[in-house]
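Visitor: Below are the structure tokens for one structure; questions will follow.
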Amino acid sequence: MAEIRENTAVMAEVERDLRQYRVFRSLHRMREASGDASAGECLLLQLRMREIERSVRALPMCRERVLLDMHYLADESMERCAELLGVSRATAYRLKRRGLALLAARQKGFSAHA
């Protein structure tokens, strides 16, 4: 039971990182457009964004990975992801949860089965 709880906490951490990707991308674009950021700040944002991209794209090719890529990296809504995958919204949310579990398992060495 403790492993499942800990895995859920890791999944929440993974989802937070994926959500931050959108913020990093927007911030990076704004700073580049304004010329306001130092090269070091831009580099740090780019490195963090690439780290997040690599973690998603390191997953084996499956619907869960495709959904995470579309939803978080390509900024598609869950409804649009479901439509593109040809599944219901409920199934898309289940795929998202399983994808987060896969990422958590890869990053922290936990079982992906919760």
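The values are calculated or read from the model by the stated rules, or taken from the named source; none is laboratory data. Keep in mind that this is a model prediction, so the values were computed, not measured. Reconstructed Cβ throughout: ideal geometry from the backbone, glycine too, with neighbour counts over all protein chains shown.
Visitor: Which is surrounded by 14 or more Cβ atoms within 10 Å (Cβ to Cβ), within 29 Å of residue 85 (Cβ to Cβ) and at pLDDT below 85, of 31, 25, 65?
Guide: Of 31, 25, 65, the one residue that is surrounded by 14 or more Cβ atoms within 10 Å (Cβ to Cβ), within 29 Å of residue 85 (Cβ to Cβ) and at pLDDT below 85 is 25.
Visitor: Would you check which residues across segment 11-36 are of a type in the set (Ser, Thr, Tyr) and closer than 19 Å to residue 75 by Cα and list them?
Guide: If the condition is that a residue be of a type in the set (Ser, Thr, Tyr) and closer than 19 Å to residue 75 by Cα, then 21, 26 are the ones that fit.
Visitor: Which of the residues belonging to segment 80-97 are assigned to a helix (DSSP H, G or I) and of a type in the set (Gly, Ala, Ser)?
Guide: 82, 90, 92
Visitor: Continuing with the same structure: Just to check your reading of the model, which residue among 31, 19, 57, 63 is under 16 Å from residue 99 (Cβ atoms) and in contact with an Asp or Glu (Cβ under 8 Å, 6 or more places away or on another chain)?
Guide: The conditions single out 57.
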